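Working notes, beginning with the structure itself.
Rule-based calculations on the coordinates, nothing more; no lab input. Predicted model only: the values in this text are computed from it and were never measured. Neighbour counts are summed over all protein chains in view; Cβ atoms, including those assigned to glycine, are modelled from backbone coordinates with ideal geometry.
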Amino acid sequence: MYKINKRGDTFSFKYRDENGIERRHTCKKSVKNLQDAEKEQISFLAEQQQITEIAKTNKTDINTLLWSVFCKKFMEFSKSRKSAPEADQRVINLINKYYPDMKYFKELTRERIREFLALRKKENKEDNTINRDLHSIKSMWTFAVDPQELNLNHRNEAKGIEEFAVEPVRKDKYFTQEQITIIETKIESSRITILCWLMIHLALRLKEAVNVKWVHIDLNNKVAKIYPFKTKRKNPRPVQVPLDDELTNYLANLKHTSEYVCGGDYTDKKARGSLSKIIKERFAELGVGGTAHTCRHTYISHAIMNGVKDNLIMRWARLKKIEMLQVYGHLSPDFETATANQIYNNTAAFKLEAIEKQIRLLLVKRRELRQKTPKSAQIATN
């Protein structure tokens, strides 16, 4: 066991990871004396020893599997396989809050899971939120008993626990041209209007819209630099998104009252949360429905219906996977009907044949001109 060092008010000690590499662990901020540091060192080294054994033997015992070790393994799985690992981490933090003395993973029994859901209910959490928490716990047990993962020889404690019945909430998937006009002209708050313009015309999330600064807008070249929100990079590169004429003219007439285009600093999470609620209320008052994120769906849906190429939509909307176009792209019934009508409509084929015929004629004329032109003139022109 390595010696515990103290630097200022912080305690730390060395250890070897599962690969035998020497590293240093810094104790929690709550550790204020040497005795607490020794306790943390003992528990941490016990966890590290178990992680090393699992890595070497590839065997896990349900009776000795520490809760903290399971959480680390599960979060590694969640970060590599899931699109929103922060939801699983939030549930783990809640379990640690409600059951601070839980030592082994096997203590997450069916009774305790139901008790956890009841506690969330007492906190007046919505049924949708509680169901999401239950989904994370079910993922934990599925990961634990899956033969391809931890392969614990134990029953799935979360199996059979039903979710709360929730009525499906109808949301508008995207805004029509008429609804876009209402949003851009009828909202009284100038800052909300600016944010809506940015989200609708640049496919922005609300967090991206509030972060747009005037230095990111190039009105001369009609381009905006958008910094991606969902990325693991510390210093992400901006994506250049073209400004349409409507947005360019709108931004050109705005006064620069702040470094941010929306006119104020709403980068704080709480301020952004209140903005999201206000936007949803304003949309309901105008009778268009939807939320702030519906604006992003609107941009992508209209881009698809107007025949913009998939690679351009993905670049401008900062989409990494082609599958996301199926999530964001919503087609109107009129568009689907018009597209279906083209299946047996031969006018497009006739147009294509006419174009090909015209190209062939141009090639023939070009060949004739080359034959008439002397070789010396051809070399000069080349």
- line: Partner aspartates and glutamates whose C-alpha sits under 15 Å from that of residue 320, ignoring same-chain residues fewer than 8 away, are 310
message: Taking amide H atoms as placed 1.01 Å from N in the peptide plane, list the residues 5 or more away in sequence, or in a different chain, whose amide H sits under 5 Å from that of residue 11.
response: 27
task: Go through [x] 33.4; [y] 26.9; [z] 23.2 and flag the label whose value is the computed mean projected area of the Cα convex hull in nm² for this structure.
output: [x]
- request: Can you tell me which of 252-259, 125-132 comes out highest on packing, and rank the rest after it, using the mean Cβ neighbours within 10 Å?
  value: 125-132, 252-259
- prompt: Among the trypsin sites (Lys or Arg not before Pro) within the range 184-245, which fall in a DSSP loop and have no more than 15 other Cβ atoms within 10 Å of their own Cβ?
  reply: 222, 230, 232, 233, 234
task: List the GluC sites (Glu not before Pro) within the range 11-103 that fall in a DSSP loop (any state other than H, G, I, E or B) and whose Cβ has at most 14 other Cβ atoms within 10 Å.
output: 18
The range 177-228-the range 1-52 distance, computed between alpha-carbon centres (Å): 49 Å
query: How large is the dipole of the range 1-59 about the Cα centre if only Lys and Arg carry +1 and Asp and Glu carry -1, each at its Cβ, rounded to the nearest 20 debye?
result: 200 debye
message: Per 0.36 nm of contour for each residue apart, how much would the distance between residue 314 and residue 221 grow if the chain were fully extended, relative to their Cα-Cα spacing?
response: 31.4 nm
field: Over 18 Å between alpha carbons, listed pairs 82/103; 207/277; 59/106; 79/138; 29/106
entry: 82/103; 29/106
task: Counting only chymotrypsin sites (Phe, Trp or Tyr not before Pro) that are in a DSSP loop and have at most 16 other C-beta atoms within 10 Å, tell me the longest site-free stretch of the chain.
output: 3-163
Under Karplus coefficients 6.51, -1.76 and 1.60, residue-wise ³J(HN,Hα) of the range 62-69 in Hz, glycine/proline x: 4, 6, 10, 5, 6, 4, 5, 5
query: So how do 134-140, 179-185 stack up, highest first, on mean other-Cβ count within 10 Å?
result: 134-140, 179-185
- prompt: Size of the dipole of the chain about the Cα centre, Lys and Arg at +1 and Asp and Glu at -1 on the beta carbon, nothing else charged, in debye to 20?
  reply: 1500 debye
In the range 51-82, the trypsin sites (Lys or Arg not before Pro) that fall in loop regions by DSSP, at most 14 other Cβ within 10 Å: 59, 82
Other-chain or far-sequence residues with amide H under 5 Å of residue 223's (modelled H): 218, 243
- line: Helix 34-57: inclination vs the chain longest Cα principal axis, degrees, rounded to 10, gives 60 degrees
- line: Per-residue ellipticity at 222 nm attributable to helices in the chain (runs of n ≥ 4 DSSP H, -39500 (n - 2.57) apiece, nearest 500 deg cm²/dmol) works out to -17000 deg cm²/dmol
message: Can you give me the C-alpha center-to-center distance between the range 142-159 and the range 59-118, rounded to a whole angstrom?
response: 13 Å
- prompt: Helix 294-305 versus the longest principal axis of the chain: what angle, 0 to 90°, nearest 10, using Cα atoms?
  reply: 40 degrees
